[in-house]
Amino acid sequence: MKSKKIKKRRVSKSEYFINISVTLVLVLFGVFFLFVPKVSLNAPLKEIVNINSYYTDKGITISDLFGNKTIIKPLDDINTKKDREYNINYTYKDNIFTYHIPKEVVVKDIEKPKIKLNGNKRAYYCPNGEYKELGFKAYDNVDKDITDKVKVERLKDKIIYTVEDSSGNKREVERKIIAKDVEKPIITLNGDDNIFLNLNEPYIEDNVTISDNCDSDLTSNIKITNDIDNTKVGDYRVTYEVSDSSNNKSKIVRNVKVREPLKTNTIYLTFDDGPRDGTTDVILDILKEKGVKATFFVTMNGSDSLIKRIVDEGHSIGIHTASHRYDLIYASVDNYFNDLEQVRDRIYNITGVDTKLIRFPGGSSNTISKKYKEGIMTTLVNDILNKGYQYYDWNIDSGDASFATNPTKLYNSVINSLSHDKYNVILMHDTKTYTRDALSKIIDYSLTNGYSFESININTMPVRQRLNN
Ligand code: ZN
């Protein structure tokens with residue numbers, strides 16, 4: 001066996017004290033650090049804050065040995081309206097020591113200016129032309145409008161806009177520019193969208209005007225086609241088509257309506273504002289007795305049975321208005337059609353007739369509508385035609401809503417207005433007692449003097465007054 005020799009070293013007295021001292025110092029340090037408070041940061045110790053922005057310091061949280069927490073805030077207020085660096089100390093005192101924790105807040109303009117381009121970020125321009133700058137605006141949070149500082153650099157297929165604010169923040173924006181025509185030509189009709197022709201009346205082409213972003217004259221490219229047969233009553237279309245040199249195509253349509261002409265030596269009795277019990281029923285009796293057909297532009301008034309009688313007894317029925325309130329129906333297109341639809345539905349529900357005949361309250365030439373909406377009659381006239389309706393004005397006002405307020409005056413007014421050489425579309429009101437009372441004599445006079453009576457239908461050429469609004 002090999003014997004191990006363990007050498008025992010003696011520890012001297014002085015070494016012993018040193019060891020004890022070191023141990024004591026370490027323990028004391030340990031105890032000391034135990035009592036040092038723990039700091040938690042609620043925000044970084046260095047913060048950069050944009051000028052004019054809202055800023056509030058979140059402070060720091062101190063926890064002591066026993067877990068008690070205190071939130072410490074900087075004493076100074078940070079003013080974000082000015083460029084400045086703040087060096088602040090969070091200060092905390094416990095029973096023994098005072099601690100300082102430095103905090104730095106830098107207020108400065110760190111926001112880039114903005115560039116707003118007019119037009120699209122992809123701009124097309126005519127292949128045979130030059131790109132024209134569409135414009136831009138530059139705005140900065142501090143310097144405000146800096147449009148004049150924008151540098152514009154034109155490259156082959158793009159434009160680069162750059163701007164720098166007084167704090168050195170830079171913005172760069174790009175616009176692609178493409179030499180390609182993507183815009184359709186614009187076709188505008190000369191003359192009306194809706195043309196009425198009497199049977200056998202020749203159609204005269206008013207043609208169109210064309211404008212295009214790239215091509216100056218496309219007139220020779222227009223293709224006009226129509227399916228008009230003016231020997232037959234019907235609705236026809238004239239189609240206008242055009243392509244520009246980049247093959248962008250446009251097409252529009254004009255409606256042509258061939259109608260039976262209003263007849264000379266003929267009387268078209270038209271009654272508005274009814275039906276009304278006590279007048280319309282008597283008027284229907286008279287018409288029946290004389291074998292005369294008339295046209296009634298009705299409202300929501302009177303008995304349903306009168307609406308039914310009008311249709312059952314072979315008269316024409318059309319829409320006048322539900323409310324007859326100019327301030328309402330002529331205040332907007334929607335109002336007009338809401339009102340119209342009520343009467344249309346009433347007629348349809350009672351008779352099954354989906355009438356397309358309209359008489360505007362006050363006639364299409366009324367000026368009162370101007371008070372409620374400028375230009376509304378011009379709009380409505382087009383809208384109703386595009387919806388398949390037709391409006392009928394008159395060329396003789398019987399005066400029963402104004403001066404002819406007794407049967408004799410009304411009789412004289414009507415017979416003095418009649419003519420053998422023209423058509424006679426007479427405006428009357430079946431709500432008036434004197435109209436009821438004069439009707440028999442008016443019809444007798446007209447028949448004795450060789451006039452015929454007819455009602456209006458959708459194939460009848462409309463009587464249209466000149467629009468004034
Ligand atoms: Zn009326």
Problem set entry | Leading residue by the ranking (farthest from the ligand (Cβ to nearest atom)) among those in region 324-357 that are of a type in the set (Gly, Ala, Ser) and either closer than 22 Å to Leu467 by Cα or assigned to a helix (DSSP H, G or I) (or both) | Ser332
For this session: Count, please, the residues in region 373-403 that happen to be within 16 Å of the ligand (Cβ to nearest atom) and of a type outside the set (A, V, I, L, M).
Result: 9
Problem set entry | Selection count, region 206-225, where residues are more than 30 Å from the chain's Cα centre (by Cα) and loosely packed, with under 13 Cβ neighbours inside 10 Å | 7
Seminar exercise, completed: Thr23 fails exactly one of (1) open to solvent by 90 Å² or more (accessible area, probe 1.4 Å); (2) at pLDDT 75 or above, namely (1)
Seminar exercise, completed: Of the residues in region 134-152, those that are part of a loop (DSSP other than H, G, I, E, B) and crowded, with 16+ Cβ neighbours inside 10 Å come to Asn141, Val142, Asp143, Ile146, Val150
Problem set entry | Enumeration of residues in region 398-414 that are part of a loop (DSSP other than H, G, I, E, B) and without any contact (Cβ under 8 Å) to a residue 12 or more places away in the chain | Ser402, Phe403
For this session: For region 66-75, enumerate the residues that are touching a strand residue (DSSP E or B) at 6+ places or on another chain (Cβ under 9 Å) and open to solvent by less than 80 Å² (accessible area, probe 1.4 Å).
Result: Thr70, Ile72, Pro74
Problem set entry | Subset of region 433-462 [touching a Leu at 6+ places or on another chain (Cβ under 8 Å), surrounded by 15 or more Cβ atoms within 10 Å (Cβ to Cβ) and farther than 15 Å from Ala294 by Cα] | Tyr434, Ala438, Met461
Exercise. If we keep just the residues of region 274-307 that are open to solvent by 40 Å² or more (accessible area, probe 1.4 Å) and within 13 Å of the ligand (Cβ to nearest atom), which is farthest from the chain's Cα centre (by Cα)?
Worked result: Arg276
Exercise. Of the residues that sit in region 118-128 and are open to solvent by 30 Å² or more (accessible area, probe 1.4 Å) and more than 24 Å from Arg171 (Cβ to Cβ), which one is farthest from the chain's Cα centre (by Cα)?
Worked result: Asn128
Seminar exercise, completed: Taking region 161-178 and keeping only residues that are out of contact with any strand residue (DSSP E or B) (no Cβ under 8 Å at 6 or more places or on another chain) and within 24 Å of Glu130 (Cβ to Cβ), one is left with none
Problem set entry | Residue list for region 84-107, filter: modelled with pLDDT of 85 or more and exposed (fewer than 12 other Cβ atoms within 10 Å of the Cβ) | Glu85, Asn87, Thr98, His100, Pro102
Problem set entry | Selected residue (criterion: farthest from Pro261 (Cα to Cα)) from residues of region 420-431 that are out of contact with any Lys or Arg (no Cβ under 9 Å at 6 or more places or on another chain) and open to solvent by 30 Å² or more (accessible area, probe 1.4 Å) | His420
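The values are calculated or read from the model by the stated rules, or taken from the named source; none is laboratory data. Please read all numbers here as calculations on a predicted model, not as lab measurements. All Cβ positions, even for glycine, are placed from backbone atoms using ideal geometry, and neighbour counts span all protein chains on display. Accessible surface areas use protein heavy atoms only, side chains included; no ligands, DNA or RNA. Shrake-Rupley method; radii C 1.70, N 1.55, O 1.52, S 1.80 Å.
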